[in-house]
Amino acid sequence: MSARRDIQEANKLYYGGKYEESIKLYDDALAQAPQLAVGWYNLGLAHLALFQPGGKDPSNDVHAKGAIVAFEKYVAIDPLDVDARDKLIGTYIASGRYDGALDFFLKQLEKNPNDQQAVSQLAQINTMAGRFDEAIRWHKKKADMASDSSAKADSWYTIGVVEWRRLYNHPEVTAEERARIADEGIYWLQQADGIRPNHSPTLSYLNLVYRERAIASDQSYARVVDMASAQVYYKQAVAAAKKQ
């Protein structure tokens, strides 16, 4: 039986919900004809049908790897297929393979250093991975590349949000490190507020970050100052929200 016929039969199995059987037939077909792009794409879909994000069963990881390899092969043949690229990136992230997703966009950036989408993705994926310093570095680069003040403000605002996420519900971050993270978040939120005043979410996060900063100090007067600053921004945020 030819490779193309195998793929056609595998497709029938796939649409009949017989994913494991379809995977075996796709594998057989691609062993004969690895140049058949549709085979790799459909193999990736079959593995995805059996993959459950967060699943702990060892077979789950097998299907994550299978989908990634298949979509990598397909994207190498057809790099302009955005849907397949998104499925590949989504599988990297859903299976906790953040390095694979990061490498993909780093390569995109090597090809085009002005690729703002790649920079944005690098910032977001590093945030998902909990690599906050790297995420902030890419958000700063995104701000530097921005062509208008509103886009810059968005990036600076996001840095403030990331810094808040590093502190909220993380009591293990204490003293000097907490104050350092809070101060950086406050600085960038204030930069965003400077070029986009009366933006309620920015003011809200200034309130929230100041509250986290207050936890850092052992001195009661310092906590009072931070909480007073938080209250000022809270009132401004409420007023801005009413206007909007």
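The values are calculated or read from the model by the stated rules, or taken from the named source; none is laboratory data. Predicted model only: the values in this text are computed from it and were never measured. No Cβ is skipped: glycine too gets one built from the backbone with ideal geometry, and neighbour counts run over all protein chains shown.
Going by the conditions given, is residue 216 farther than 30 Å from residue 92 by Cβ, buried (at least 16 other Cβ atoms within 10 Å of the Cβ), modelled with pLDDT under 95 and not polar (S, T, N, Q)?
yes
For segment 144-162, does any single residue satisfy the condition of being within 30 Å of residue 46 (Cβ to Cβ) and either touching a helix residue (DSSP H, G or I) at 6+ places or on another chain (Cβ under 7 Å) or assigned by TED's automatic domain parsing to the domain that holds residue 70 (or both)?
There is no residue in segment 144-162 that is within 30 Å of residue 46 (Cβ to Cβ) and either touching a helix residue (DSSP H, G or I) at 6+ places or on another chain (Cβ under 7 Å) or assigned by TED's automatic domain parsing to the domain that holds residue 70 (or both).
Taking the stated definitions as given, is residue 173 among the β-branched types (Val, Ile, Thr) and in contact (Cβ under 8 Å) with a residue 40 or more places away in the chain?
no
Of all residues in segment 219-243, which are surrounded by fewer than 21 Cβ atoms within 10 Å (Cβ to Cβ), among the charged types (D, E, K, R) and more than 19 Å from residue 172 (Cα to Cα)?
Once the filter is applied, which keeps residues that are surrounded by fewer than 21 Cβ atoms within 10 Å (Cβ to Cβ), among the charged types (D, E, K, R) and more than 19 Å from residue 172 (Cα to Cα), segment 219-243 yields 235, 242, 243.
Return a yes/no flag: does segment 126-138 have any residue that is out of contact with any Asp or Glu (no Cβ under 8 Å at 6 or more places or on another chain), more than 19 Å from residue 164 (Cα to Cα), surrounded by fewer than 20 Cβ atoms within 10 Å (Cβ to Cβ) and at pLDDT 95 or above.
No, there is no match, as no residue in segment 126-138 is out of contact with any Asp or Glu (no Cβ under 8 Å at 6 or more places or on another chain), more than 19 Å from residue 164 (Cα to Cα), surrounded by fewer than 20 Cβ atoms within 10 Å (Cβ to Cβ) and at pLDDT 95 or above.
If only one of 145, 128 is in contact (Cβ under 8 Å) with a residue 24 or more places away in the chain and under 23 Å from residue 190 (Cα atoms), which one is it?
145 is the lone residue from the list that is in contact (Cβ under 8 Å) with a residue 24 or more places away in the chain and under 23 Å from residue 190 (Cα atoms).
Being within 25 Å of residue 138 (Cβ to Cβ) and of a type in the set (Val, Ile, Thr) is the filter here, so list the residues in segment 63-112 that pass it.
68, 75, 82, 89, 91, 93
Each row is one residue, and each column tells you yes or no for (1) in contact with a helix residue (DSSP H, G or I) (Cβ under 8 Å, 6 or more places away or on another chain); (2) not assigned by TED's automatic domain parsing to the domain that holds residue 10; (3) not small (Gly, Ala, Ser).
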position: 39; (1), (2), (3): yes, no, no
position: 51; (1), (2), (3): yes, no, yes
position: 58; (1), (2), (3): no, no, yes
position: 77; (1), (2), (3): yes, no, yes
position: 88; (1), (2), (3): yes, no, yes
position: 91; (1), (2), (3): yes, no, yes
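So in segment 53-83, with the set limited to residues that are closer than 16 Å to residue 37 by Cβ and of a type in the set (Gly, Ala, Ser), which one is surrounded by the fewest Cβ atoms within 10 Å (Cβ to Cβ)?
Taking the candidates together, the pick is 76.
Would a scan of segment 29-45 turn up a residue that is within 25 Å of residue 105 (Cβ to Cβ), outside any helix (DSSP H, G or I) and either within 22 Å of the chain's Cα centre (by Cα) or in contact (Cβ under 8 Å) with a residue 40 or more places away in the chain (or both)?
Checking segment 29-45: not a single residue is within 25 Å of residue 105 (Cβ to Cβ), outside any helix (DSSP H, G or I) and either within 22 Å of the chain's Cα centre (by Cα) or in contact (Cβ under 8 Å) with a residue 40 or more places away in the chain (or both).
One residue is enough: does segment 179-190 have a residue meeting the conditions loosely packed, with under 15 Cβ neighbours inside 10 Å, modelled with pLDDT of 95 or more and either among the aliphatic types (A, V, I, L, M) or touching a His at 6+ places or on another chain (Cβ under 6 Å) (or both)?
no
Residue by residue, here is whether (1) part of a helix (DSSP H, G or I); (2) over 25 Å from the mean Cα position of the chain (by Cα); (3) not basic (Lys, Arg) holds:
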{"residue": "203", "(1), (2), (3)": "yes, no, yes"}
{"residue": "209", "(1), (2), (3)": "yes, no, yes"}
{"residue": "212", "(1), (2), (3)": "yes, no, yes"}
{"residue": "222", "(1), (2), (3)": "yes, yes, yes"}
{"residue": "228", "(1), (2), (3)": "yes, yes, yes"}
{"residue": "235", "(1), (2), (3)": "yes, yes, no"}
